[in-house]
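Worksheet: one structure, shown below.
The values are calculated or read from the model by the stated rules, or taken from the named source; none is laboratory data. Note that this is a predicted model, so its numbers are computed, not measured. Cβ sites come from the backbone with ideal geometry, for glycine too, and all protein chains shown count toward neighbours.
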Amino acid sequence: MKKPFKGTLGDFLFDLLIWIFLALAVVVCVYPFLYVLSVAISSGEAVNKGLVVLLPVDLNFDAMLTVLKYKQLWISYGNTLFYTVSGTLLNVVFTCLAAYPLSRKRFFLRKQLNFLLAFTMYFSGGLIPIYIVVTNLGLYNSRWAMILPALISAYNVMICRSAFESISEELFEEAAIEGANDFFILTRIAVPLIKPTLAVLTLYYAVARYNDFFSAMLYITDPAKEPLQAFLRRILLQASTEIMQTTSLSMGALSQSTIQVRYVCIVVSVIPIMLVVPLVQKYLVQGTMLGAVKG
């Protein structure tokens, strides 16, 4: 049996206010996506007349099929999956390799490198020097241009470093006495103990990689190497009728609203992230706290 509320009137009003704010936050976050999904699977006539407000009107999947038949969409999808998976893997590996020595007190350059790491969070060379470095290294219009420039995030290294620092120093000393080297300690002891933090960092890196379109604007000109977000940007802002003009469609499909095609592209692009986030959701709070609080 549920216990009655025993707090004061002020506590009740405060809780009520919190619930109201939470309900408004849910509406603000959920409604835009629900509206976009409803437009994507409604009939083109209903969309053009503005009849779609919340739920689909005259359920119709022609726009969805039109977009899914477009070849460049799947090329961009494959590129994004490659950039996201390989880039995130390298991000996590190099973040651990950078954070572990910075967390060890016996590392003689620990203070100096920690200062330089924090310094880069406030000051950088700027966009033009980075562009010059990338082009001079021969990475322009290559897949590596989407991976190497964003190989390490200083903020994520600091989170990972704090997670390593929260591990008892005696544990590392006992492993060293038993003959374990630093690489063994990192891979067999330190990394398994901060799995929740690494799960959060993996999500941070993966979302950033998946949503990255600015790097493609700077370094990629070949459509065969274009990521999904750059393709989506072009469809949304520059050539919204591109898909309908370059596919073999019926006259009914060609008359569909360009807004509907744009929204279908949005729905298709967010599906992978929606599938991945629930898998690591339970680690979000625990991993962030482990990386933020020094033991």
Task: Flag if Val85 is crowded, with 18+ Cβ neighbours inside 10 Å, within 17 Å of Arg209 (Cβ to Cβ) and β-branched (Val, Ile, Thr) - done: no
- [ ] Return only the number of the condition from (1) surrounded by 12 or more Cβ atoms within 10 Å (Cβ to Cβ); (2) under 26 Å from the mean Cα position of the chain (by Cα) that Ile189 does not satisfy.
- [x] (2)
Open item on the list: As an exercise: evaluate Ala175 against (1) out of contact with any Cys (no Cβ under 7 Å at 6 or more places or on another chain); (2) closer than 24 Å to Ala118 by Cβ; (3) surrounded by 15 or more Cβ atoms within 10 Å (Cβ to Cβ) and give the number of the one condition it does not meet.
Closed with: (2)
TODO: Would you point out which residue out of Leu17, Leu59, Leu22, Leu89 is of a type outside the set (Val, Ile, Thr) and under 30 Å from Thr258 (Cβ atoms)?
DONE: Leu59
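If you check Val85, Val27, which single one turns out to be among the hydrophobic types (A, V, I, L, M, F, W, C), under 30 Å from Met158 (Cα atoms) and either assigned to a helix (DSSP H, G or I) or modelled with pLDDT of 85 or more (or both)?
Only one candidate passes the filter, namely Val85.
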Task: Out of Leu203, Leu186, sole residue that is touching a residue at least 24 places away in the same chain (Cβ under 8 Å) and under 20 Å from Ser86 (Cα atoms) - done: Leu203
TODO: Assess whether Gln112 counts as being on the phi < 0 side of the Ramachandran plot, at pLDDT below 90 and assigned to a helix (DSSP H, G or I).
DONE: no
Task: Set Tyr219, Tyr205: member being within 20 Å of Val93 (Cα to Cα), buried (at least 20 other Cβ atoms within 10 Å of the Cβ) and either touching a strand residue (DSSP E or B) at 6+ places or on another chain (Cβ under 8 Å) or modelled with pLDDT of 70 or more (or both) - done: Tyr205
